[in-house]
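Everything below concerns the one structure shown next.
The values are calculated or read from the model by the stated rules, or taken from the named source; none is laboratory data. Just so it is clear, the model here is predicted, and its values are computed rather than measured. Cβ placement follows ideal geometry from the backbone for every residue including glycine, while neighbour counts extend to all protein chains displayed. Each accessible area value is taken on the protein alone, full model and side chains, heavy atoms only, with ligands, DNA and RNA left out. Shrake-Rupley method; radii C 1.70, N 1.55, O 1.52, S 1.80 Å.
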Amino acid sequence: MTAPIRFPRFFVTSPAPCPYLPGKSERKVFTELRGESADELNEALGRIGFRRSQTVAYRPSCLDCQACVSVRVVASEFKPSSSQKRTMKANDDLVVSECRPWATDEQYELLRKYLAHRHPGGGMAEMDESDFADMVEHTPVSSYVVEYREPGVGSEPGRLVGACLTDIQGDGLSMIYSFYDPEIEDRAGLGNFIILDHIRRAGAHGLPYVYLGYWVEGSDRMQYKVRYRPLERLTRGGWERMPEFEQKRLIAAATKPREQRDSEPLPAKDGSQREYKLAD
C-alpha cells in the first residue's frame, strides 16, 4: 500500500518594500519543502517559477506588479558572445570543485567581502555565520556548492575567489546564490564566469537548462541575466523563448555606461520610448 501524496500548503507573506523597484511593494507565496518527495516538489515548483531558500519554495505574488520574470538559459544551444569568450579565457585557470553543501569560514568571509562591495545595506548585509550556515546547509533537496579557486602551490589549495550554491534538478541546474571576490582587478567577469561555467556544466551532464532566477526589467542589478542566449522566460502560457530582436535590444541597453542608462529611456518592444527609473 503506497503512502498518500501530501499536497503542499501555501502561505502568503505580508507586503514589504520591493528590493528591485523603488516605490513598489512585494508579496510572496511560499510552501515548505520536506520529506522524501522534496526533490520532486522543488523541481515541479521550479518549472512554474518558484525559487528555493533553505527549506522553503517561494515566488512573487504581488497585487499590482508582474515585473519579476523567471528566466532560464538553454544550455544545449548556448553560444558565447565575444566578451563571454574573453571572460572564459581569462578565468580558465581556476580550479573548480563540487563540494557538499557545508558552510566554511572561507566561504563566509568571501560572502562578506562580496556583500560589502556589491550590496551594502542590502537584505543580506547583516547575515552572520549562523545565517550563512543555514542558507547553505538547510537543504532538503539535492544541492552542492561549486567553489572557484586560483591555482594552488603544491598540495595547498589556492585562494577561494568564487562560490555558488546550486540545486540539481532533473531538467537543469538552479543557481540559488553566487558570490565572488569583487576586488580582483586582473580577473574581470568572475560573476559572469560562474554562470558560464554552470552552462558548460549543465551541457556536460546532458541537462537542458540553467535557471537564473528572476529577471526584472527596469532593475539595473538584474540586467546581466539577459546577456545569455538563448534565454527562455516564464509567461502565463508557459516557458517561451525571448525573441532575438528583443534580447538584443535589452543587451544593448544593459551594456551602456551607467550614466547613459540612467538618463535615457529604454526603447519598448514596438520601438517607442518607455521611461524607467533604474534601481540603485
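Worth a mention:
- Think of the chain as having a plus end and a minus end, set by charges on the Cβ of Lys, Arg, Asp and Glu; of Pro243, Leu196, Ser82, Pro243 sits farthest toward the positive end of this dipole.
- Which of His117, Gly213, Gly158, positive extreme of dipole for the stretch 10-265 (C-beta unit charges): Gly213
- Accessible area per residue (1.4 Å probe, heavy atoms of protein chains only) ranks Glu98, Glu40 as Glu40, Glu98, with the largest value leading.
- Å² of accessible area per residue within the chain, as computed with a 1.4 Å probe and no ligands counted: 55 Å²
- Protection-proxy order for peptides 63-70, 170-177, 11-18, each taking the mean of Cβ atoms within 10 Å per residue, highest first: 170-177, 63-70, 11-18
- Cα-based Lys proximity count in the chain, under 24 Å, for pairs eight or more positions apart or on separate chains: 27
- Spin-label model, Lys85 to Ser61: label points 7 Å out along the Cα-to-beta-carbon direction sit 4.7 nm apart.
- Cβ-placed point charges (K, R +1; D, E -1), dipole of the stretch 10-265 about Cα centre in debye, nearest 20: 1180 debye
- Taking the 1.4 Å solvent-accessible surface of the chain as the whole, the part contributed by carbon and sulfur is 51%.
- The modelled label-to-label distance for the pair Phe7/Arg241, using points 7 Å beyond Cα in the direction of Cβ, is 3.7 nm.
- The distance between label points at Glu185 and Val95 comes to 2.7 nm (points 7 Å beyond Cα on the Cα→Cβ vector).
- Rounded FRET efficiency, nearest 0.05, which uses the C-beta distance separating Glu40 from Ala125 and R0 of 45 Å: 0.85
- For the pair Lys248 and Asp105, the difference between a 0.36 nm per residue extended length and the Cα-Cα distance amounts to 47.4 nm.
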